[in-house]
Structures are given as structure tokens and as C-alpha cells.
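Have a look at the structure below, then the notes.
The values are calculated or read from the model by the stated rules, or taken from the named source; none is laboratory data. Every value quoted in this text rests on a predicted model; they were computed, and no experiment measured them. Reconstructed Cβ throughout: ideal geometry from the backbone, glycine too, with neighbour counts over all protein chains shown. Heads up: the accessible areas ignore ligands, DNA and RNA and are worked out on the full protein's heavy atoms, side chains in. Shrake-Rupley method; radii C 1.70, N 1.55, O 1.52, S 1.80 Å.
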Amino acid sequence: MVDYTTREMMEAIRLSVTNSNFLVRTFFPTVKTHLAEKIEVDVKKGGRKMAPFVSPRRGGKVVTREGFHTNQIQTPKLAPERLVTTDDVTKRGFGENVYTAMSPEEREDELLAQDTLEMQEMIDRRTEWMAAKVLTTGGFDVVDEKEGIDIHVDYNFTNQEVLSGTNKWDNEASDPDADLLKWSLAVTKASGVKPDILLCDSKTMRLYLNHAKVIAKANILNVNDTRIEPKIIDANVTFHGRIASLGLDLYSYDEWIDDESNPGMQVLPYGTVMLANSKGIGTVHYGAVTQAEPGQGFVTYEAQSVPKHIVDEDNDIEKLRMTSRPLPAPDDVDSWAILVVAS
């Protein structure tokens, strides 16, 4: 069994793994790593101050800096791990040719590479889940009574409205464009950032595009105001067109993940509509990972993901662990809005 160093595996991961998470790469495009597990995250809430008028006989006037709130947060720890046994390296694996001449050593290398990518994908999915929770509710909880985990993340997000009664978009009396205009202006006023993306799941998108008032308004205004030109961006994202009068590109996002308590959970729930800016709203912070290394004692790594390869020679078992401490955080908690338009 080959014993791979952590640094060697980190470099291999860096060269082979790309971020496929739509919410993370679109709305949390910046990455910051830290040398501590508990980090301080600065979040501001709006602000549009003008420069003051000053008398020609005065040098200037002191203005206060925009306020912000510092959150000290314990970064959640993600650490999936896989075992490799002698059975795994001596028997044909999934998809392997029946007549292959692959040696146990070659199978070992292939399994370790495959496990590394699959566990990184698990970490990416959990990060996407956290990003979705931050975007739709303003935070998330990490609770595990057995493991003693209890982390509460709350960024004081208030740009949210739950429509009810005839205001729901599945009711013909509702006015979706009026709702979108109201919240687009509210976000722009509060943060100075104009939303240019409307994002929801495909079922909610159909609710909007098929609404009688949306269709009627598009026909009355101008044929060029509403351009519905569906185009698949990737397996989970579709571009549906643009509403010029609202300055919004329309995207649907359909993704599901398997949570232990909720298998097949939809990342962006039906009826949830987000207005945000395509330049992003925040950062994914990564806390430090500290682990024992052979002959080195405890070593702290400042990185997005840190692998650990453990060899139990007495029992002929290898263990591969991937550890990451991601934390999505907004820069300005007023720079996007959430509408719950149907249930």
C-alpha cells in the first residue's frame, strides 16, 4: 500500500476538482481561507450616504464610516471518509472490464482517486445547501445531538416576503411584475445594487411565464420587451429569457440533494423566487483544518479541502478522509431579496 502525503493529495485535488455548484459559483464567487476554525465575518446592511456640503471657509466635515456587524462563527466541519480493503483492490470494481489485467496496486490508485472526487462532490453539495439556506432564509443551523454539534448562523436577513391569498402567483388576481418591481427597487434603494437575475425552480418559472398579466403586459408594451429564448446552461440551469422593463434575466435552477433526514430535497424549493445581482453577493470562507500527520504531530492547513490518507498495515486497511470547513457569508445582507410566491 502506497502512503500518500497530504501535500501531494492537496495538489492533485487542486488540479482536478472544479466547482460545479451553481449557487456558490454565481452568488459566492470569492473564496477566502483562514488560519483559524472560528472566524470573524463582517456583514453590512445597506447604506447610501452622500457627501456633505461644507462651507468654503472650512476644511471638511467628518463623516462616519458605514456600519457593519461582525459575526464570530465556528466554521462547520465536513469530514466524509472511505475505507479501502484488500477485497476492494483484488476484485473487479464497478464498470471495470471483466477481462482486465489491472493489478491491486493500480486498483488502489484508481479507488483513491475516485473516492477523493466523490467525497469532494459531497462537500460541494453540502456547501451548496448552506449557500441555499443563506440565500433563502439568511442563515442555517448545524445540530447533531449525538456528536455534540450546535452552530447557529444568522446574518439578520430581512428582505423576504411571503405572499398569501390572492397575491400568490397561482391566483389570477395577483400581479407578479408588480411584486418584482417593488422588491427590485427595495434592494436597489437599500444597498445600491440593482438585481439583474430572477432565479427560481422550473415549476415556479412556468407559473410566472404563464401568468395572464405577465403575458398581457408583454404584448402591450413591446414585442422586444420580453424575450423568451430558453437555453440550457448546464444539467440543472436553464436561461429562459429577459424582461427588459425589469432589467432581469430569467433563470431556473433544479437541483436535488440527499440529506440524511430528507432524501431528494430540492435545493431551491418550489415557490421561492430570488432577485439578486449576477456579480455575486458574498464569499465562501474556509476555516483552518488541523490534523495529526506522521512524524510531524499536529499540522494546521489553510485550504478549502484537506485530505488525510491513513494506512493500517496490521489490518490491511486504508482510510481516506476529506475535511473542509466552508462558510458562505454575504457582504451586504440587503443586496438580494426572496419572495415566496406559491406553496
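Just so you know, in the range 309-329 the residues that are crowded, with 24+ Cβ neighbours inside 10 Å and of a type outside the set (A, V, I, L, M, F, W, C) include one that is modelled with the lowest pLDDT, and it is E318. Of the residues that make up the range 231-240, is at least one open to solvent by 10 Å² or more (accessible area, probe 1.4 Å), in contact with a Phe, Trp or Tyr (Cβ under 9 Å, 6 or more places away or on another chain), among the acidic types (D, E) and under 27 Å from I338 (Cβ atoms)? Yes, there is a match, as at least one residue in the range 231-240 is open to solvent by 10 Å² or more (accessible area, probe 1.4 Å), in contact with a Phe, Trp or Tyr (Cβ under 9 Å, 6 or more places away or on another chain), among the acidic types (D, E) and under 27 Å from I338 (Cβ atoms). Flag: V134 does not match the condition of being assigned to a helix (DSSP H, G or I) and within 24 Å of I243 (Cβ to Cβ).
All conditions in (1) more than 19 Å from the chain's Cα centre (by Cα); (2) open to solvent by 10 Å² or more (accessible area, probe 1.4 Å); (3) at pLDDT 90 or above hold for L248, with the sole exception of (2). Name the single residue, out of those in the range 205-243 being modelled with pLDDT of 90 or more and assigned to a loop (DSSP other than H, G, I, E, B), that is nearest to P269 (Cα to Cα). Step by step, filter the range 205-243, then rank; the result is N236. Mind checking which residues of the range 179-197 are in a loop (DSSP other than H, G, I, E, B), open to solvent by 30 Å² or more (accessible area, probe 1.4 Å) and either in contact with a Ser or Thr (Cβ under 6 Å, 6 or more places away or on another chain) or of a type in the set (A, V, I, L, M, F, W, C) (or both)? Within the range 179-197, V193, K194, D196 qualify.
Residues checked against (1) assigned to a strand (DSSP E or B); (2) touching a residue at least 12 places away in the same chain (Cβ under 8 Å); (3) within 26 Å of N156 (Cβ to Cβ):
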position: D249; (1), (2), (3): yes, yes, no
position: D259; (1), (2), (3): no, yes, yes
position: V311; (1), (2), (3): yes, yes, no
position: D314; (1), (2), (3): no, no, no
position: K319; (1), (2), (3): yes, yes, no
position: D334; (1), (2), (3): no, yes, yes
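Mind listing just one residue for me: the one in the range 101-131 that is acidic (D, E), modelled with pLDDT of 85 or more and open to solvent by less than 70 Å² (accessible area, probe 1.4 Å) and, of those, nearest to N156 (Cα to Cα)? Before the answer, list the steps.
If we filter the range 101-131 for residues that are acidic (D, E), which is where we start, we get 105-106, 108-110, 115, 118, 121, 124, 128.
So of that shortlist, the ones also modelled with pLDDT of 85 or more come out as 115, 118, 121, 124, 128.
Now narrow it down to the ones that are open to solvent by less than 70 Å² (accessible area, probe 1.4 Å): 115, 118, 124, 128.
On the way: D115: 38, E118: 34, D124: 25, E128: 20 Å.
By that ranking, first place goes to E128.
Taking the range 138-178, which residues are hydroxyl-bearing (S, T, Y) and either closer than 21 Å to K77 by Cα or assigned to a loop (DSSP other than H, G, I, E, B) (or both)? Reasoning before the result, please.
The initial filter retains those residues of the range 138-178 that are hydroxyl-bearing (S, T, Y), namely 155, 158, 164, 166, 174.
Within the range 138-178, Y155, T158, S164, S174 qualify.
Taking the range 156-178 as the range and being crowded, with 18+ Cβ neighbours inside 10 Å, of a type in the set (S, T, N, Q) and within 22 Å of the chain's Cα centre (by Cα) as the test, only N159 passes.
Name the pairs: first residue in the range 132-155 and of a type in the set (K, R) and surrounded by 13 or more Cβ atoms within 10 Å (Cβ to Cβ), second residue in a strand (DSSP E or B) and modelled with pLDDT of 90 or more, Cβ to Cβ under 7 Å, at least 6 apart or on different chains? Within 7 Å, the pairs are K133/G139; K133/F140. Report the residue count in the range 261-294 for those that are polar (S, T, N, Q), under 16 Å from K133 (Cα atoms) and part of a strand (DSSP E or B). Qualifying residue count, the range 261-294: 3.
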